[in-house]
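Before any comments, here is the structure.
The values are calculated or read from the model by the stated rules, or taken from the named source; none is laboratory data. All of these numbers come straight from a predicted model, not from anything done at the bench. Cβ placement follows ideal geometry from the backbone for every residue including glycine, while neighbour counts extend to all protein chains displayed. Only protein heavy atoms, including side chains, enter the accessible area calculation; ligands, DNA and RNA are left aside. Shrake-Rupley method; radii C 1.70, N 1.55, O 1.52, S 1.80 Å.
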Amino acid sequence: MSRREEIEKKTEALLKPIAESNKVRIYDVEFVKEAGEWYLRAYIDRDGGVDINKCVDVSHALSDALDEHDFIEEAYTLEVSSPGLGRQLKKDRHFENSLGLEVDVKLYKAIDGTKEYTGKLISYDSDTVTIEMPDGEHVFNRKDASSIRLTIDF
């Protein structure tokens, strides 16, 4: 397990009782470096969505728990937010909860000149995702996708 994964796992463990007491679900936790800065991001959700006040409550409690346990050596910025409407699907639980919904698949390399596909998520496993499009089913390797997100339909 990488250092990044270890930090995410420990943070999620600290976040679990905080999420339960605030009546929210943990959508994801990520520890990423962007433009030379480290960010610890916790995404929370609940039926009907979360508002800014709930994010603030969870952020304060998580910040206190992180200070108490002090297992992150790097300086970082803590962010707590909703995963948003066009949420990225990364973990199996994300795919499971999104079966039957429309997703956008963006690939690192084009297939037949196309890098972006949109269709209904009909299945997944640890290596692949399958979407249904008007011309039939398309199977993509998860490692070949730069992102898989819920489609935002306005």
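I'd like to compare 107-117, 73-83: which one has the highest average count of other Cβ atoms within 10 Å, and what's the full order after that?
Highest mean packing first, the order is 73-83, 107-117.
State the antiparallel share, in %, of DSSP beta bridges confined to region 10-135, rounding to the nearest 5.
Restricted to region 10-135, the bridges split so that about 75 percent are antiparallel.
Quick one: 3J(HN,Hα) in Hz for region 33-50, Karplus 6.51/-1.76/1.60 with θ = phi - 60°, rounded, Gly and Pro as x.
Taking θ as phi minus 60°, the curve returns 10, 10, 6, x, 10, 8, 10, 10, 10, 10, 9, 10, 8, 7, 4, x, x, 10 Hz for region 33-50.
Mind pulling the angle between the C-alpha long axis of helix 3-21 and the longest principal axis of the chain? Nearest 10 degrees, somewhere in 0 to 90.
Here the helix axis deviates by roughly 70 degrees.
With 24 Å as the cut-off, how large is the P(r) tail for region 1-111, expressed as percent of Cα-Cα pairs?
Of all Cα-Cα distances in region 1-111, 30 percent exceed 24 Å.
Please list, in order along region 66-76, the HN-Hα scalar couplings obtained from phi with the Karplus expression 6.51 cos²θ - 1.76 cosθ + 1.60 (θ = phi - 60°), rounded to whole Hz, x for Gly and Pro.
5, 4, 5, 8, 6, 9, 9, 6, 6, 6, 8
Which pairs in the list Lys16/Lys109; Lys10/Lys115; Lys10/Lys54; Lys9/Lys143; Lys54/Lys109 are over 32 Å apart, alpha-carbon to alpha-carbon?
In this structure, Lys16/Lys109; Lys10/Lys115; Lys54/Lys109 lie more than 32 Å apart at Cα.
Starting from the Cα of Arg25, step 7 Å along the direction of its Cβ; do the same at Asp127; then give the gap between the two resulting points in nm.
Those two pseudo-labels are separated by 2.9 nm.
His138: net charge of surrounding residues, Cβ under 14 Å, Lys/Arg +1, Asp/Glu -1, itself excluded?
So the environment of His138 carries a net charge of -4.
Please report Rg over Rh for region 73-154, where both radii come from the alpha carbon positions and Rh follows the Kirkwood definition.
We get a ratio of 1.04 for region 73-154.
Heavy atoms of the protein only, probe of 1.4 Å, neighbouring chains included. What is the accessible area of Phe140 in Å², nearest 10?
The value for Phe140 is about 10 Å².
For region 1-129, give the percent of accessible area contributed by carbon and sulfur heavy atoms, probe 1.4 Å, rounded to a whole number.
Taking all protein chains in place, region 1-129 shows 46 percent carbon and sulfur surface.
Roll a 1.4 Å probe over the protein chains and send me the accessible area per residue for the chain in Å².
On a per-residue basis, the chain sits at 61 Å².
Averaging over all projection directions, find the projected area of the Cα convex hull of region 1-56 and quote it in nm² with one decimal place.
Projected area, direction-averaged: 4.5 nm².
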